[in-house]
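The values are calculated or read from the model by the stated rules, or taken from the named source; none is laboratory data. The structure displayed is predicted, hence computed values, not measured ones. Here Cβ is always computed from backbone atoms with ideal geometry, including for glycine, and neighbour counts include all displayed protein chains.
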Amino acid sequence: MMQNKEVVKEWIDKAEEDFGFASISIEYTDYFAQICFHFQQAAEKYLKAFIIANKLEFRSIHNLLELLEICREKKSSIAEIEEDCRYLNPFYIDTRYPVHWPTHYDKETAIKARDSAEEIRKWITDILK
């Protein structure tokens with residue numbers, strides 16, 4: 001059991017790194033696509049921490065909505081953060097690879113990504129306390 005708690009803490013710590021880095025970066029750079037990617041990554045790691053903490057099926061996926069579905073098996077009220085997951089989900093692919101459709105990332109997009117990641121962060125960390 002102790003090992004499980006340590007692994008959960010590692011996932012939370014990694015999520016906090018992504019969240020903190022992206023939060024600080026909003027004020028100091030115009031690389032908003034990369035900032036949005038880090039908020040998506042933070043959300044992914046918070047969800048994976050919840051999955052591990054609850055001994056749910058761990059899968060190496062990056063789709064926040066799929067991870068949310070796994071989490072829902074344990075706690076249906078996690079649906080409260082579905083819109084936040086939906087907002088952050090596209091940032092995994094859109095920000096990593098050249099795309100053939102227009103994407104526009106500005107400070108407002110990054111702030112909304114931060115707000116969504118913050119909701120997920122609060123929900124998960126409160127439940128895991």
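Count of the stretch 18-37 residues, restricted to those that are buried (at least 20 other Cβ atoms within 10 Å of the Cβ), more than 18 Å from I81 (Cβ to Cβ) and touching a Phe, Trp or Tyr at 6+ places or on another chain (Cβ under 6 Å), is 2. Here is the figure for the stretch 5-52: residues that are among the polar types (S, T, N, Q) and under 21 Å from L68 (Cβ atoms) total 2.
N4 falls short of the stated requirement of being under 15 Å from T125 (Cβ atoms) and of a type in the set (S, T, N, Q).
Which of the following residues is more than 26 Å from V7 (Cα to Cα) and either in contact (Cβ under 8 Å) with a residue 12 or more places away in the chain or within 11 Å of the chain's Cα centre (by Cα) (or both): A33, A117, A53, A49?
A33
Would you check which residues across the stretch 1-27 are within 20 Å of Y105 (Cα to Cα), at pLDDT 95 or above and either in a helix (DSSP H, G or I) or not β-branched (V, I, T) (or both) and list them? Of everything in the stretch 1-27, those that are within 20 Å of Y105 (Cα to Cα), at pLDDT 95 or above and either in a helix (DSSP H, G or I) or not β-branched (V, I, T) (or both) turn out to be D18, F19, G20, F21, A22, S23, I24, S25. Close Cβ contacts (under 6 Å, 6 or more residues apart or on different chains) running from residues in the stretch 73-86 that are in contact (Cβ under 8 Å) with a residue 12 or more places away in the chain to residues that are loosely packed, with under 14 Cβ neighbours inside 10 Å and not polar (S, T, N, Q) comprise C85/L65.
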